[in-house]
Amino acid sequence: QVQVVESGGGLVQPGGSLRLSCTASGSIESIYAMGWYRQAPGKQSELVARITNGGSTMYFDSVKGRFTISRDNAKNTVYLQMNSLKPEDTAVYYCIVDTTESRRWWGQGTQVTVSS
């Protein structure tokens, strides 16, 4: 079994910062990439950021310049540093783990709320 566990969500003022963490554990032979999806009511889910085992990164346009994704491959851990947060960033953020066998594992989600 594989467990994907996120932490770091919470309530923050506009312009503030949060750092999300995600660790995968269990029967994971090889991870190709890890990243973050987000889902807000009335909106389609968005792939916020993703980083491959080789270090290549991808960001959704609306978060470029504000969010930074990083990883520790040895620990099967990915981080999302979120700065200059906006109310539109409010969502449940889900960690994803993509394996070299083309499987995707999901975390349970962590709530991020940006509000005055």
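Worth pointing out:
- A single entry from Gly15, Gly26, Gly54 fulfils the requirement of being closer than 30 Å to Ser116 by Cβ and either of a type in the set (Gly, Ala, Ser) or in contact (Cβ under 8 Å) with a residue 40 or more places away in the chain (or both): Gly15.
- Restricting the first member to the stretch 73-90 and to residues that are of a type in the set (Val, Ile, Thr), and the second to residues that are assigned to a loop (DSSP other than H, G, I, E, B), the beta-carbon pairs closer than 8 Å and six or more apart or on different chains are Thr90/Ala40; Thr90/Ser115.
- For the stretch 70-116, the set of residues classified as surrounded by fewer than 17 Cβ atoms within 10 Å (Cβ to Cβ), modelled with pLDDT of 95 or more and farther than 17 Å from Arg19 by Cβ consists of Pro87, Glu88, Trp106, Gln108, Ser115, listed by residue number.
- Members of the stretch 1-47 that are open to solvent by 40 Å² or more (accessible area, probe 1.4 Å) and of a type in the set (D, E, K, R): Arg19, Glu29, Lys43
- Summed over the stretch 57-69, residues that are touching a strand residue (DSSP E or B) at 6+ places or on another chain (Cβ under 9 Å), open to solvent by 20 Å² or more (accessible area, probe 1.4 Å) and free of Cβ contacts under 8 Å to residues at least 24 places away in the same chain total 7.
The values are calculated or read from the model by the stated rules, or taken from the named source; none is laboratory data. All values derive from a computational prediction rather than experimental measurement. As a convention, Cβ positions derive from the backbone with ideal geometry for all residues, glycine included, and neighbour counts pool all protein chains shown. Accessible surface areas use protein heavy atoms only, side chains included; no ligands, DNA or RNA. Shrake-Rupley method; radii C 1.70, N 1.55, O 1.52, S 1.80 Å.
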